[in-house]
1. Per 0.36 nm of contour for each residue apart, how much would the distance between residue 123 and residue 11 grow if the chain were fully extended, relative to their Cα-Cα spacing?
2. From Cα pairs below 8 angstrom and at least 6 apart in sequence, can you work out the relative contact order of the stretch 63-136, rounded to a whole percent?
3. For residue 72 paired with residue 60, estimate the spin-label separation in nm (one decimal), with each label point 7 Å from Cα along the Cα-to-Cβ line.
């Protein structure tokens, strides 16, 4: 796995299409790293179509997608879940993001495909977020 994904504290994100099929040029992960993946292929951005011919663009867009998913969960938890000051600080930790990604994922094509809707479809979303924070 290349830099910066191989660096301690970094959550590596691989690219998939909208069905969770992994990009054929995803790099292999290190033994101790998660293998999270999300949408980064075949997306349209203001007239520009990211087909995934290049490693860099596909993984870059997948990373942007994952950051948006994490930010969405953090903001929802900040405003909708009753949190102590200590738990509020944990929202911004790597552990919380990994925990919440694990609650949104399914295994596909050898990676942990992050499915945003698996969290937002739940009626007990506040409890799920609180559990992810508590496990940090």
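Nothing in this text is a laboratory measurement; each read-out follows from the coordinates by a stated rule. All values derive from a computational prediction rather than experimental measurement. Virtual Cβ from ideal backbone geometry, glycine too; neighbours counted across all protein chains shown.
1. On the way: separation 112, 0.36 × 112 = 40.32 nm, distance 2.77 nm.
Difference between extended and current length: 37.6 nm.
2. On the way: 60 pairs, mean separation 26.0, N = 74.
About 35 percent, as a whole number.
3. About 2.3 nm, to one decimal.
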